[in-house]
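Written out below as C-alpha coordinates is the structure these notes cover.
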(Lines give C-alpha, C1' and ligand atoms only; values in the text may rest on other atoms or scores of the structure.)
Protein backbone atom coordinates (compact mmCIF):
# COMPACT_ATOMS: atom_id res chain seq x y z
CA UNK A 1 0.00 0.00 0.00
CA UNK A 2 1.65 3.35 -1.10
CA UNK A 3 2.33 5.79 1.66
CA UNK A 4 0.64 9.14 1.75
CA UNK A 5 2.63 12.23 0.84
CA UNK A 6 3.63 14.24 3.81
CA UNK A 7 4.03 18.01 3.97
CA UNK A 8 7.73 17.82 3.11
CA UNK A 9 7.09 15.98 -0.11
CA UNK A 10 4.35 18.37 -1.11
CA UNK A 11 6.61 21.37 -0.50
CA UNK A 12 9.42 19.75 -2.52
CA UNK A 13 7.10 19.12 -5.44
CA UNK A 14 5.86 22.73 -5.27
CA UNK A 15 9.44 24.03 -5.39
CA UNK A 16 10.23 21.75 -8.31
CA UNK A 17 7.23 23.01 -10.26
CA UNK A 18 8.14 26.65 -9.57
CA UNK A 19 11.75 26.01 -10.60
CA UNK A 20 10.59 24.37 -13.81
CA UNK A 21 8.34 27.35 -14.58
CA UNK A 22 11.21 29.78 -13.97
CA UNK A 23 13.55 27.75 -16.18
CA UNK A 24 10.91 27.57 -18.89
CA UNK A 25 10.31 31.33 -18.71
CA UNK A 26 14.06 31.95 -18.84
CA UNK A 27 14.50 29.71 -21.86
CA UNK A 28 11.50 31.28 -23.57
CA UNK A 29 12.76 34.82 -22.84
CA UNK A 30 10.67 37.64 -21.44
CA UNK A 31 11.14 41.40 -21.56
CA UNK A 32 10.30 43.51 -18.53
CA UNK A 33 10.55 47.25 -17.96
CA UNK A 34 13.79 46.68 -16.06
CA UNK A 35 15.21 44.84 -19.06
CA UNK A 36 14.37 47.79 -21.30
CA UNK A 37 15.96 50.36 -18.99
CA UNK A 38 19.09 48.48 -17.93
CA UNK A 39 22.21 48.50 -20.16
CA UNK A 40 23.38 45.29 -21.73
CA UNK A 41 26.47 45.17 -19.49
CA UNK A 42 28.38 47.12 -16.85
CA UNK A 43 32.17 47.19 -16.52
CA UNK A 44 33.86 49.01 -13.63
CA UNK A 45 37.46 50.17 -13.95
CA UNK A 46 39.62 52.31 -11.67
CA UNK A 47 39.20 55.56 -13.63
CA UNK A 48 36.10 54.92 -15.74
CA UNK A 49 33.12 52.63 -16.18
CA UNK A 50 31.38 51.26 -19.23
CA UNK A 51 27.60 50.96 -19.71
CA UNK A 52 26.96 48.86 -22.78
CA UNK A 53 28.84 50.71 -25.54
CA UNK A 54 29.11 54.02 -23.63
CA UNK A 55 32.08 55.06 -21.51
CA UNK A 56 31.58 57.13 -18.38
CA UNK A 57 33.69 58.84 -15.72
CA UNK A 58 32.78 60.64 -12.48
CA UNK A 59 34.69 63.58 -11.07
CA UNK A 60 34.04 65.40 -7.80
CA UNK A 61 34.64 68.96 -6.64
CA UNK A 62 36.91 69.24 -3.61
CA UNK A 63 37.87 72.94 -3.39
CA UNK A 64 36.25 76.31 -4.08
CA UNK A 65 37.58 79.89 -4.18
CA UNK A 66 36.92 82.31 -1.31
CA UNK A 67 34.21 84.06 -3.33
CA UNK A 68 32.09 82.69 -6.17
CA UNK A 69 29.48 84.41 -8.33
CA UNK A 70 25.86 83.49 -8.95
CA UNK A 71 25.34 81.18 -11.92
CA UNK A 72 28.90 79.89 -11.99
CA UNK A 73 27.57 76.46 -12.98
CA UNK A 74 25.71 77.73 -16.05
CA UNK A 75 28.71 77.19 -18.35
CA UNK A 76 28.78 73.51 -17.32
CA UNK A 77 25.00 73.08 -17.53
CA UNK A 78 24.89 74.58 -21.04
CA UNK A 79 27.92 72.72 -22.39
CA UNK A 80 27.21 70.69 -25.53
CA UNK A 81 28.17 67.36 -23.99
CA UNK A 82 26.29 64.48 -22.37
CA UNK A 83 26.72 64.57 -18.60
CA UNK A 84 24.91 64.11 -15.29
CA UNK A 85 25.26 66.70 -12.53
CA UNK A 86 24.50 65.60 -8.97
CA UNK A 87 24.21 67.85 -5.91
CA UNK A 88 23.82 66.67 -2.31
CA UNK A 89 22.93 69.24 0.33
CA UNK A 90 22.91 68.29 4.02
CA UNK A 91 21.66 70.84 6.56
CA UNK A 92 23.72 71.19 9.75
CA UNK A 93 22.34 72.24 13.13
CA UNK A 94 23.18 75.92 13.70
CA UNK A 95 24.24 75.41 17.32
CA UNK A 96 26.78 72.77 16.33
CA UNK A 97 28.20 75.17 13.72
CA UNK A 98 28.39 78.03 16.25
CA UNK A 99 30.29 75.87 18.72
CA UNK A 100 32.76 74.75 16.05
CA UNK A 101 33.20 78.32 14.78
CA UNK A 102 33.87 79.53 18.31
CA UNK A 103 36.66 76.98 18.70
CA UNK A 104 38.04 77.81 15.25
CA UNK A 105 38.04 81.56 15.92
CA UNK A 106 39.84 81.00 19.23
CA UNK A 107 42.50 78.91 17.51
CA UNK A 108 43.06 81.49 14.75
CA UNK A 109 43.26 84.37 17.23
CA UNK A 110 45.79 82.40 19.29
CA UNK A 111 47.88 81.70 16.18
CA UNK A 112 47.88 85.39 15.26
CA UNK A 113 48.91 86.37 18.79
CA UNK A 114 51.80 83.86 18.79
CA UNK A 115 52.97 85.13 15.38
CA UNK A 116 52.85 88.72 16.64
CA UNK A 117 54.83 87.87 19.82
CA UNK A 118 57.53 86.10 17.81
CA UNK A 119 57.78 88.97 15.34
CA UNK A 120 56.64 86.96 12.33
CA UNK A 121 55.15 88.65 9.28
CA UNK A 122 51.40 88.83 9.09
CA UNK A 123 49.50 85.99 7.40
CA UNK A 124 46.87 87.47 5.00
CA UNK A 125 45.20 84.07 4.54
CA UNK A 126 44.77 83.61 8.27
CA UNK A 127 43.36 87.14 8.65
CA UNK A 128 40.86 86.56 5.81
CA UNK A 129 39.75 83.24 7.32
CA UNK A 130 39.25 84.92 10.72
CA UNK A 131 37.15 87.73 9.18
CA UNK A 132 35.01 85.21 7.27
CA UNK A 133 34.47 83.10 10.39
CA UNK A 134 33.47 86.13 12.49
CA UNK A 135 31.07 87.36 9.80
CA UNK A 136 29.53 83.90 9.45
CA UNK A 137 29.09 83.62 13.25
CA UNK A 138 27.21 86.90 13.31
CA UNK A 139 24.89 85.93 10.45
CA UNK A 140 24.13 82.47 11.84
CA UNK A 141 23.52 83.91 15.31
CA UNK A 142 20.79 86.25 14.05
CA UNK A 143 19.28 83.65 11.70
CA UNK A 144 20.34 85.39 8.47
CA UNK A 145 22.35 82.33 7.35
CA UNK A 146 22.22 78.58 7.74
CA UNK A 147 24.99 76.05 7.34
CA UNK A 148 25.16 73.04 5.01
CA UNK A 149 27.43 70.27 3.80
CA UNK A 150 27.55 70.32 -0.02
CA UNK A 151 28.65 67.59 -2.42
CA UNK A 152 28.94 68.15 -6.19
CA UNK A 153 29.68 65.35 -8.68
CA UNK A 154 29.84 65.37 -12.48
CA UNK A 155 29.50 62.18 -14.52
CA UNK A 156 30.32 62.48 -18.21
CA UNK A 157 29.67 60.05 -21.06
CA UNK A 158 31.33 59.44 -24.43
CA UNK A 159 31.67 56.85 -27.19
CA UNK A 160 35.40 56.26 -26.63
CA UNK A 161 38.06 56.76 -23.96
CA UNK A 162 39.81 59.44 -26.02
CA UNK A 163 36.58 61.40 -26.35
CA UNK A 164 35.92 60.91 -22.64
CA UNK A 165 39.34 62.35 -21.77
CA UNK A 166 38.72 65.31 -24.09
CA UNK A 167 35.37 66.06 -22.40
CA UNK A 168 36.98 65.73 -18.97
CA UNK A 169 39.70 68.19 -19.95
CA UNK A 170 37.08 70.65 -21.24
CA UNK A 171 35.05 70.47 -18.01
CA UNK A 172 38.10 70.71 -15.76
CA UNK A 173 39.26 73.75 -17.73
CA UNK A 174 35.91 75.51 -17.20
CA UNK A 175 36.06 74.73 -13.49
CA UNK A 176 39.71 75.75 -13.27
CA UNK A 177 39.02 79.15 -14.80
CA UNK A 178 36.80 79.83 -11.77
CA UNK A 179 39.34 78.39 -9.28
CA UNK A 180 37.05 75.41 -8.65
CA UNK A 181 39.21 72.27 -8.26
CA UNK A 182 38.09 68.78 -9.28
CA UNK A 183 39.47 65.24 -9.25
CA UNK A 184 38.60 61.89 -10.80
CA UNK A 185 37.00 59.49 -8.31
CA UNK A 186 39.83 56.96 -8.63
CA UNK A 187 38.87 53.39 -7.69
CA UNK A 188 35.42 54.73 -6.80
CA UNK A 189 33.81 54.85 -10.22
CA UNK A 190 31.02 52.50 -9.18
CA UNK A 191 30.22 54.72 -6.21
CA UNK A 192 30.44 57.77 -8.46
CA UNK A 193 28.05 56.22 -10.99
CA UNK A 194 25.57 55.33 -8.23
CA UNK A 195 25.84 58.85 -6.80
CA UNK A 196 25.02 60.38 -10.21
CA UNK A 197 21.91 58.34 -11.03
CA UNK A 198 18.63 59.73 -9.62
CA UNK A 199 18.29 57.41 -6.61
CA UNK A 200 19.47 59.81 -3.86
CA UNK A 201 22.44 57.75 -2.65
CA UNK A 202 25.60 59.73 -1.94
CA UNK A 203 28.13 56.94 -1.97
CA UNK A 204 31.16 59.19 -2.55
CA UNK A 205 30.44 61.41 0.48
CA UNK A 206 32.93 64.12 -0.51
CA UNK A 207 31.47 67.31 0.96
CA UNK A 208 32.36 70.92 1.60
CA UNK A 209 31.01 73.33 4.23
CA UNK A 210 28.89 76.13 2.77
CA UNK A 211 26.52 78.74 4.09
CA UNK A 212 23.20 79.71 2.48
CA UNK A 213 24.66 82.53 0.34
CA UNK A 214 27.44 80.37 -1.08
CA UNK A 215 25.27 77.37 -1.80
CA UNK A 216 22.64 79.51 -3.55
CA UNK A 217 25.19 80.44 -6.25
CA UNK A 218 25.12 76.83 -7.46
CA UNK A 219 21.40 77.00 -8.27
CA UNK A 220 21.26 74.69 -11.31
CA UNK A 221 18.40 76.20 -13.31
CA UNK A 222 20.44 78.97 -14.89
CA UNK A 223 20.69 77.68 -18.44
CA UNK A 224 20.71 80.15 -21.32
CA UNK A 225 17.17 81.45 -21.36
CA UNK A 226 15.38 84.09 -23.42
CA UNK A 227 11.86 83.74 -22.10
CA UNK A 228 9.92 86.82 -21.03
CA UNK A 229 6.41 87.29 -19.71
CA UNK A 230 5.35 88.99 -22.93
CA UNK A 231 6.57 89.09 -26.49
CA UNK A 232 6.68 86.99 -29.64
CA UNK A 233 7.32 83.25 -29.73
CA UNK A 234 10.43 82.84 -31.89
CA UNK A 235 10.97 79.12 -31.41
CA UNK A 236 12.31 76.41 -29.09
CA UNK A 237 15.50 76.76 -27.04
CA UNK A 238 17.50 73.68 -28.05
CA UNK A 239 19.59 73.91 -24.84
CA UNK A 240 16.71 73.15 -22.50
CA UNK A 241 13.61 72.67 -24.73
CA UNK A 242 12.17 75.90 -23.32
CA UNK A 243 10.31 78.51 -25.35
CA UNK A 244 12.08 81.58 -26.73
CA UNK A 245 9.53 84.31 -26.08
CA UNK A 246 10.94 87.78 -26.49
CA UNK A 247 9.84 91.37 -26.92
CA UNK A 248 12.36 93.11 -29.15
CA UNK A 249 11.08 96.52 -28.04
CA UNK A 250 12.25 95.79 -24.48
CA UNK A 251 15.91 96.11 -25.55
CA UNK A 252 17.91 99.31 -25.96
CA UNK A 253 16.82 99.26 -29.60
CA UNK A 254 14.42 97.04 -31.53
CA UNK A 255 16.67 96.43 -34.54
CA UNK A 256 17.47 92.95 -35.82
CA UNK A 257 19.77 91.49 -38.48
CA UNK A 258 19.24 88.08 -40.09
CA UNK A 259 22.10 86.28 -41.84
CA UNK A 260 21.58 83.03 -43.74
CA UNK A 261 22.39 81.33 -47.00
CA UNK A 262 19.65 80.84 -49.57
CA UNK A 263 17.12 78.22 -48.47
CA UNK A 264 18.10 78.25 -44.79
CA UNK A 265 14.77 79.72 -43.67
CA UNK A 266 15.50 83.42 -43.19
CA UNK A 267 12.40 84.71 -45.01
CA UNK A 268 10.25 82.08 -43.29
CA UNK A 269 11.52 83.22 -39.88
CA UNK A 270 11.02 86.91 -40.56
CA UNK A 271 7.51 86.38 -41.94
CA UNK A 272 6.62 84.29 -38.90
CA UNK A 273 7.82 87.05 -36.57
CA UNK A 274 5.96 89.68 -38.62
CA UNK A 275 2.70 87.70 -38.48
CA UNK A 276 2.91 87.17 -34.72
CA UNK A 277 4.02 90.76 -34.05
CA UNK A 278 1.06 92.08 -36.03
CA UNK A 279 -1.26 90.02 -33.84
CA UNK A 280 0.23 91.85 -30.84
CA UNK A 281 -0.47 95.29 -32.29
CA UNK A 282 2.61 96.17 -34.37
CA UNK A 283 2.34 97.62 -37.88
CA UNK A 284 4.51 95.80 -40.43
CA UNK A 285 6.27 97.53 -43.35
CA UNK A 286 8.18 95.36 -45.83
CA UNK A 287 10.45 96.02 -48.81
CA UNK A 288 10.09 92.86 -50.89
CA UNK A 289 12.54 92.40 -53.78
CA UNK A 290 11.43 88.87 -54.74
CA UNK A 291 7.61 88.79 -54.38
CA UNK A 292 7.81 86.55 -51.29
CA UNK A 293 5.36 88.41 -49.05
CA UNK A 294 2.26 88.77 -51.24
CA UNK A 295 0.54 85.62 -49.96
CA UNK A 296 1.01 86.72 -46.35
CA UNK A 297 -0.16 90.25 -47.11
CA UNK A 298 -3.31 89.00 -48.84
CA UNK A 299 -4.09 86.62 -45.97
CA UNK A 300 -4.07 89.39 -43.33
CA UNK A 301 -5.75 92.04 -45.50
CA UNK A 302 -2.59 94.08 -46.00
CA UNK A 303 -1.71 96.55 -48.74
CA UNK A 304 0.48 95.17 -51.52
CA UNK A 305 2.10 97.99 -53.47
CA UNK A 306 3.79 96.90 -56.70
CA UNK A 307 6.45 99.28 -57.94
CA UNK A 308 7.32 99.03 -61.62
CA UNK A 309 7.60 101.29 -64.64
CA UNK A 310 4.24 99.96 -65.89
CA UNK A 311 2.32 100.35 -62.62
CA UNK A 312 0.23 103.34 -61.58
CA UNK A 313 1.96 103.59 -58.20
CA UNK A 314 3.79 106.86 -57.60
CA UNK A 315 6.18 107.86 -54.81
CA UNK A 316 7.41 111.46 -54.67
CA UNK A 317 10.84 111.77 -52.98
CA UNK A 318 10.14 115.48 -52.30
CA UNK A 319 7.40 114.67 -49.77
CA UNK A 320 7.98 116.21 -46.35
CA UNK A 321 7.04 114.55 -43.04
CA UNK A 322 4.22 116.03 -41.01
CA UNK A 323 6.43 116.32 -37.93
CA UNK A 324 4.54 116.80 -34.69
CA UNK A 325 7.58 117.50 -32.53
CA UNK A 326 8.09 121.29 -32.58
CA UNK A 327 11.82 120.90 -32.04
CA UNK A 328 12.17 118.88 -35.25
CA UNK A 329 9.58 120.68 -37.37
CA UNK A 330 12.02 123.43 -38.34
CA UNK A 331 14.63 120.87 -39.38
CA UNK A 332 12.26 118.74 -41.49
CA UNK A 333 13.15 120.55 -44.72
CA UNK A 334 16.88 120.53 -43.98
CA UNK A 335 16.79 116.78 -43.18
CA UNK A 336 14.92 116.03 -46.40
CA UNK A 337 17.43 118.09 -48.40
CA UNK A 338 20.23 115.93 -47.01
CA UNK A 339 18.26 112.81 -47.94
CA UNK A 340 17.66 114.15 -51.46
CA UNK A 341 21.38 114.84 -51.90
CA UNK A 342 22.08 111.17 -51.25
CA UNK A 343 19.25 110.09 -53.52
CA UNK A 344 20.39 112.16 -56.52
CA UNK A 345 23.98 111.02 -56.11
CA UNK A 346 22.60 107.47 -56.28
CA UNK A 347 20.41 108.27 -59.31
CA UNK A 348 23.28 109.95 -61.13
CA UNK A 349 25.77 107.12 -60.70
CA UNK A 350 26.27 106.46 -56.99
CA UNK A 351 29.41 106.94 -54.95
CA UNK A 352 32.39 104.91 -56.05
CA UNK A 353 35.01 103.39 -53.75
CA UNK A 354 38.56 104.52 -54.50
CA UNK A 355 41.69 102.39 -54.11
CA UNK A 356 42.31 103.86 -50.65
CA UNK A 357 38.87 102.72 -49.50
CA UNK A 358 37.34 106.20 -49.45
CA UNK A 359 34.01 106.94 -51.13
CA UNK A 360 34.26 109.21 -54.17
CA UNK A 361 31.06 111.09 -54.98
CA UNK A 362 29.48 110.83 -58.43
CA UNK A 363 29.17 114.63 -58.35
CA UNK A 364 31.98 117.18 -58.34
CA UNK A 365 32.07 119.86 -55.59
CA UNK A 366 30.67 122.43 -58.06
CA UNK A 367 27.83 120.07 -59.04
CA UNK A 368 27.10 119.40 -55.35
CA UNK A 369 26.82 123.14 -54.66
CA UNK A 370 24.60 123.77 -57.70
CA UNK A 371 22.37 120.81 -56.82
CA UNK A 372 21.98 122.07 -53.25
CA UNK A 373 20.94 125.53 -54.44
CA UNK A 374 18.58 124.05 -57.02
CA UNK A 375 16.85 121.91 -54.38
CA UNK A 376 16.33 124.93 -52.12
CA UNK A 377 15.01 127.02 -55.03
CA UNK A 378 12.69 124.21 -56.15
CA UNK A 379 11.08 123.98 -52.73
CA UNK A 380 10.87 127.80 -52.53
CA UNK A 381 9.01 127.96 -55.86
CA UNK A 382 6.48 125.54 -54.38
CA UNK A 383 6.05 127.88 -51.41
CA UNK A 384 8.03 125.70 -48.96
CA UNK A 385 10.75 127.28 -46.79
CA UNK A 386 12.33 126.52 -43.43
CA UNK A 387 9.16 127.89 -41.78
CA UNK A 388 7.16 124.84 -40.56
CA UNK A 389 3.90 126.59 -41.44
CA UNK A 390 4.76 126.25 -45.15
CA UNK A 391 5.34 122.50 -45.01
CA UNK A 392 1.69 121.67 -45.69
CA UNK A 393 1.98 123.05 -49.23
CA UNK A 394 1.99 120.67 -52.18
CA UNK A 395 5.61 119.51 -52.60
CA UNK A 396 7.47 119.82 -55.91
CA UNK A 397 8.43 116.85 -58.08
CA UNK A 398 11.60 115.87 -59.96
CA UNK A 399 10.31 117.68 -63.05
CA UNK A 400 10.36 120.96 -61.09
CA UNK A 401 13.97 120.32 -60.09
CA UNK A 402 14.80 119.57 -63.74
CA UNK A 403 13.38 122.95 -64.79
CA UNK A 404 15.30 124.73 -62.04
CA UNK A 405 18.59 123.10 -63.04
CA UNK A 406 17.97 123.74 -66.73
CA UNK A 407 17.54 127.50 -66.27
CA UNK A 408 20.31 128.13 -63.75
CA UNK A 409 23.97 128.83 -64.50
CA UNK A 410 27.07 126.77 -63.76
CA UNK A 411 26.70 123.01 -63.94
CA UNK A 412 22.90 123.13 -63.69
CA UNK A 413 22.09 122.41 -67.38
CA UNK A 414 24.51 119.46 -67.43
CA UNK A 415 22.93 118.02 -64.28
CA UNK A 416 19.49 118.51 -65.83
CA UNK A 417 20.51 116.45 -68.85
CA UNK A 418 21.78 113.63 -66.61
CA UNK A 419 18.49 113.74 -64.70
CA UNK A 420 16.25 113.76 -67.76
CA UNK A 421 15.81 109.98 -67.97
CA UNK A 422 13.91 110.18 -64.63
CA UNK A 423 11.61 113.00 -65.82
CA UNK A 424 10.79 112.38 -69.48
CA UNK A 425 13.05 109.45 -70.34
CA UNK A 426 13.04 105.70 -69.75
CA UNK A 427 12.55 105.84 -65.98
CA UNK A 428 9.91 108.60 -66.01
CA UNK A 429 6.66 108.34 -64.08
CA UNK A 430 7.23 106.20 -61.03
CA UNK A 431 9.23 108.75 -59.02
CA UNK A 432 8.46 111.94 -60.96
CA UNK A 433 4.85 112.60 -59.90
CA UNK A 434 2.93 113.24 -56.69
CA UNK A 435 2.60 110.28 -54.31
CA UNK A 436 -0.61 108.26 -54.52
CA UNK A 437 0.13 105.51 -51.98
CA UNK A 438 -1.33 105.13 -48.50
CA UNK A 439 0.43 103.03 -45.88
CA UNK A 440 -2.37 103.33 -43.34
CA UNK A 441 -2.65 99.57 -42.91
CA UNK A 442 -1.40 96.99 -40.42
CA UNK A 443 0.78 95.42 -43.11
CA UNK A 444 2.17 97.20 -46.16
CA UNK A 445 4.45 95.44 -48.66
CA UNK A 446 6.42 97.32 -51.32
CA UNK A 447 7.25 94.92 -54.15
CA UNK A 448 10.22 95.97 -56.32
CA UNK A 449 10.78 92.69 -58.17
CA UNK A 450 9.64 94.04 -61.52
CA UNK A 451 11.97 97.05 -61.43
CA UNK A 452 15.11 97.06 -63.52
CA UNK A 453 18.33 96.27 -61.64
CA UNK A 454 19.53 99.86 -62.05
CA UNK A 455 16.36 101.19 -60.45
CA UNK A 456 16.19 98.79 -57.49
CA UNK A 457 18.61 100.62 -55.15
CA UNK A 458 16.93 103.93 -56.08
CA UNK A 459 13.49 102.48 -55.36
CA UNK A 460 14.59 101.02 -52.02
CA UNK A 461 16.12 104.36 -51.04
CA UNK A 462 12.98 106.35 -51.98
CA UNK A 463 10.62 103.88 -50.29
CA UNK A 464 12.74 103.89 -47.12
CA UNK A 465 12.71 107.68 -47.15
CA UNK A 466 8.92 107.72 -47.59
CA UNK A 467 8.45 105.23 -44.74
CA UNK A 468 10.81 107.25 -42.55
CA UNK A 469 8.75 110.39 -43.16
CA UNK A 470 5.54 108.58 -42.20
CA UNK A 471 7.23 107.09 -39.13
CA UNK A 472 8.26 110.53 -37.92
CA UNK A 473 4.79 111.94 -38.58
CA UNK A 474 2.68 109.37 -36.73
CA UNK A 475 4.48 107.49 -33.99
CA UNK A 476 3.29 103.96 -33.18
CA UNK A 477 4.87 100.53 -32.81
CA UNK A 478 6.16 99.51 -36.23
CA UNK A 479 8.51 96.95 -37.75
CA UNK A 480 10.35 97.71 -40.99
CA UNK A 481 11.70 94.68 -42.87
CA UNK A 482 14.34 95.28 -45.54
CA UNK A 483 14.95 92.06 -47.47
CA UNK A 484 18.16 91.66 -49.51
CA UNK A 485 19.65 94.71 -47.80
CA UNK A 486 23.02 94.11 -49.49
CA UNK A 487 21.62 95.94 -52.54
CA UNK A 488 21.60 99.17 -50.49
CA UNK A 489 25.09 98.60 -49.12
CA UNK A 490 26.59 98.54 -52.62
CA UNK A 491 26.37 102.33 -52.69
CA UNK A 492 27.79 104.62 -50.08
CA UNK A 493 24.83 107.03 -49.93
CA UNK A 494 22.14 104.35 -49.56
CA UNK A 495 24.31 102.51 -46.99
CA UNK A 496 24.63 105.70 -44.96
CA UNK A 497 20.87 106.24 -45.12
CA UNK A 498 20.14 102.69 -43.90
CA UNK A 499 22.63 103.16 -41.06
CA UNK A 500 20.95 106.45 -40.14
CA UNK A 501 17.62 104.60 -39.93
CA UNK A 502 19.16 101.96 -37.67
CA UNK A 503 20.53 104.62 -35.32
CA UNK A 504 17.39 106.76 -35.08
CA UNK A 505 14.63 104.12 -35.29
CA UNK A 506 14.41 103.60 -31.51
CA UNK A 507 13.31 107.20 -30.93
CA UNK A 508 10.28 106.70 -33.19
CA UNK A 509 9.21 103.26 -31.88
CA UNK A 510 10.47 101.55 -35.03
CA UNK A 511 12.22 98.20 -35.22
CA UNK A 512 14.41 97.69 -38.30
CA UNK A 513 14.93 94.12 -39.56
CA UNK A 514 17.75 93.74 -42.06
CA UNK A 515 17.98 90.48 -44.03
CA UNK A 516 20.83 89.39 -46.26
CA UNK A 517 22.43 86.26 -47.67
CA UNK A 518 25.61 87.98 -48.89
CA UNK A 519 27.33 87.99 -45.52
CA UNK A 520 30.81 88.76 -46.84
CA UNK A 521 29.66 91.87 -48.71
CA UNK A 522 27.52 93.04 -45.81
CA UNK A 523 30.20 92.57 -43.14
CA UNK A 524 32.91 93.85 -45.49
CA UNK A 525 31.15 97.21 -45.55
CA UNK A 526 31.87 99.73 -42.80
CA UNK A 527 28.20 100.68 -42.72
CA UNK A 528 27.16 97.02 -42.65
CA UNK A 529 29.21 96.38 -39.51
CA UNK A 530 27.83 99.57 -37.99
CA UNK A 531 24.26 98.38 -38.64
CA UNK A 532 25.03 95.08 -36.89
CA UNK A 533 26.52 97.00 -33.95
CA UNK A 534 23.29 99.04 -33.72
CA UNK A 535 21.07 95.94 -33.73
CA UNK A 536 20.29 94.41 -30.34
CA UNK A 537 19.06 91.18 -31.93
CA UNK A 538 20.80 88.93 -34.42
CA UNK A 539 19.78 85.64 -35.97
CA UNK A 540 22.39 83.44 -37.63
CA UNK A 541 20.94 80.53 -39.60
CA UNK A 542 22.88 78.07 -41.73
CA UNK A 543 25.84 79.73 -43.45
CA UNK A 544 28.17 78.96 -46.30
CA UNK A 545 31.65 77.86 -45.13
CA UNK A 546 33.19 81.11 -46.37
CA UNK A 547 30.80 83.18 -44.25
CA UNK A 548 31.31 81.21 -41.03
CA UNK A 549 34.76 82.64 -40.29
CA UNK A 550 33.53 86.19 -40.89
CA UNK A 551 30.59 85.80 -38.50
CA UNK A 552 32.67 83.91 -35.92
CA UNK A 553 35.03 86.87 -35.74
CA UNK A 554 32.21 89.42 -35.39
CA UNK A 555 30.08 87.49 -32.88
CA UNK A 556 32.96 85.79 -31.00
CA UNK A 557 31.61 82.30 -31.60
CA UNK A 558 33.14 79.22 -30.01
CA UNK A 559 34.65 76.44 -32.12
CA UNK A 560 31.57 74.30 -31.49
CA UNK A 561 29.25 77.11 -32.61
CA UNK A 562 31.36 77.68 -35.73
CA UNK A 563 31.13 74.01 -36.59
CA UNK A 564 27.37 73.95 -36.12
CA UNK A 565 26.77 77.18 -38.01
CA UNK A 566 27.78 75.57 -41.29
CA UNK A 567 25.72 72.42 -40.65
CA UNK A 568 22.48 73.65 -39.10
CA UNK A 569 19.36 72.04 -40.60
CA UNK A 570 16.76 74.37 -42.10
CA UNK A 571 15.06 76.42 -39.39
CA UNK A 572 17.80 76.13 -36.76
CA UNK A 573 20.36 78.76 -35.84
CA UNK A 574 21.88 80.99 -33.17
CA UNK A 575 19.57 83.64 -31.74
CA UNK A 576 21.25 86.64 -30.08
CA UNK A 577 19.30 89.07 -27.89
CA UNK A 578 21.27 91.59 -25.88
CA UNK A 579 24.04 89.78 -24.01
CA UNK A 580 22.48 86.30 -24.32
CA UNK A 581 22.28 83.84 -27.16
CA UNK A 582 20.77 80.40 -27.58
CA UNK A 583 20.54 77.61 -30.13
CA UNK A 584 17.01 77.98 -31.51
CA UNK A 585 14.62 75.88 -33.59
CA UNK A 586 12.07 78.00 -35.47
CA UNK A 587 8.60 76.44 -35.19
CA UNK A 588 5.29 77.34 -36.83
CA UNK A 589 1.77 75.99 -36.66
CA UNK A 590 0.27 74.27 -39.69
CA UNK A 591 -1.80 77.36 -40.52
CA UNK A 592 1.22 79.64 -40.24
CA UNK A 593 3.23 77.21 -42.34
CA UNK A 594 0.68 77.42 -45.16
CA UNK A 595 0.67 81.21 -45.08
CA UNK A 596 4.39 81.87 -45.03
CA UNK A 597 6.20 78.92 -46.62
CA UNK A 598 8.66 79.82 -49.38
CA UNK A 599 9.53 76.24 -50.25
CA UNK A 600 8.50 75.74 -53.92
CA UNK A 601 7.74 72.06 -53.38
CA UNK A 602 5.47 72.80 -50.41
CA UNK A 603 3.74 75.58 -52.35
CA UNK A 604 3.08 73.23 -55.28
CA UNK A 605 1.67 70.59 -52.92
CA UNK A 606 -0.67 73.15 -51.37
CA UNK A 607 -1.78 74.30 -54.82
CA UNK A 608 -2.36 70.70 -55.96
CA UNK A 609 -4.40 69.94 -52.84
CA UNK A 610 -6.50 73.08 -53.33
CA UNK A 611 -7.08 72.18 -57.00
CA UNK A 612 -8.06 68.60 -56.08
CA UNK A 613 -10.56 69.79 -53.49
CA UNK A 614 -12.07 72.24 -55.99
CA UNK A 615 -12.36 69.59 -58.69
CA UNK A 616 -13.95 67.13 -56.28
CA UNK A 617 -16.42 69.82 -55.26
CA UNK A 618 -17.29 70.53 -58.90
CA UNK A 619 -17.51 66.83 -59.78
CA UNK A 620 -14.81 66.96 -62.46
CA UNK A 621 -12.91 63.85 -61.30
CA UNK A 622 -13.75 60.26 -62.00
CA UNK A 623 -14.49 58.14 -58.89
CA UNK A 624 -11.02 56.49 -58.79
CA UNK A 625 -9.21 59.83 -58.99
CA UNK A 626 -11.56 61.29 -56.39
CA UNK A 627 -10.79 58.46 -53.99
CA UNK A 628 -7.05 58.90 -54.57
CA UNK A 629 -7.30 62.65 -53.96
CA UNK A 630 -9.23 62.10 -50.77
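The values are calculated or read from the model by the stated rules, or taken from the named source; none is laboratory data. The structure displayed is predicted, hence computed values, not measured ones. For neighbour counting, all protein chains shown are included, and Cβ atoms are generated from backbone atoms with ideal geometry for every residue, glycine included.
Some notes on this structure:
- When each of 366, 359, 354, 329 is tested for being at pLDDT 85 or above and either outside the structural domain of residue 279 (by TED's automatic domain parsing) or buried (at least 20 other Cβ atoms within 10 Å of the Cβ) (or both), the lone residue that passes is 366.
- Residue in region 425-443 that is on the phi > 0 side of the Ramachandran plot, surrounded by 13 or more Cβ atoms within 10 Å (Cβ to Cβ), touching a residue at least 12 places away in the same chain (Cβ under 8 Å) and out of contact with any helix residue (DSSP H, G or I) (no Cβ under 8 Å at 6 or more places or on another chain) present: yes
- Checking each residue in region 123-162 for being in a helix (DSSP H, G or I), over 15 Å from residue 210 (Cα atoms) and touching a strand residue (DSSP E or B) at 6+ places or on another chain (Cβ under 8 Å) picks out only 161.
- Residue match in region 114-131 (condition: within 30 Å of residue 238 (Cα to Cα) and not assigned by TED's automatic domain parsing to the domain that holds residue 241): no
- Among (1) assigned by TED's automatic domain parsing to the domain that holds residue 251; (2) free of Cβ contacts under 8 Å to residues at least 24 places away in the same chain; (3) more than 27 Å from the chain's Cα centre (by Cα), the one test that residue 507 misses: (3)
- Region 501-526: number of residues that are surrounded by 19 or more Cβ atoms within 10 Å (Cβ to Cβ) and at pLDDT 85 or above: 10
- Qualifying residue in region 516-525 (condition: touching a helix residue (DSSP H, G or I) at 6+ places or on another chain (Cβ under 8 Å), under 27 Å from residue 276 (Cα atoms), touching a residue at least 40 places away in the same chain (Cβ under 8 Å) and not in a helix (DSSP H, G or I)): yes
- Filtering region 185-205 to residues that are farther than 17 Å from residue 51 by Cβ, surrounded by fewer than 19 Cβ atoms within 10 Å (Cβ to Cβ) and touching a residue at least 24 places away in the same chain (Cβ under 8 Å) leaves 186, 187, 202, 205.
- Test: residue 140 is under 36 Å from the mean Cα position of the chain (by Cα) and buried (at least 16 other Cβ atoms within 10 Å of the Cβ): no
- Filter result (loosely packed, with under 14 Cβ neighbours inside 10 Å and assigned to a helix (DSSP H, G or I)) within region 68-102: 95, 96, 99, 102
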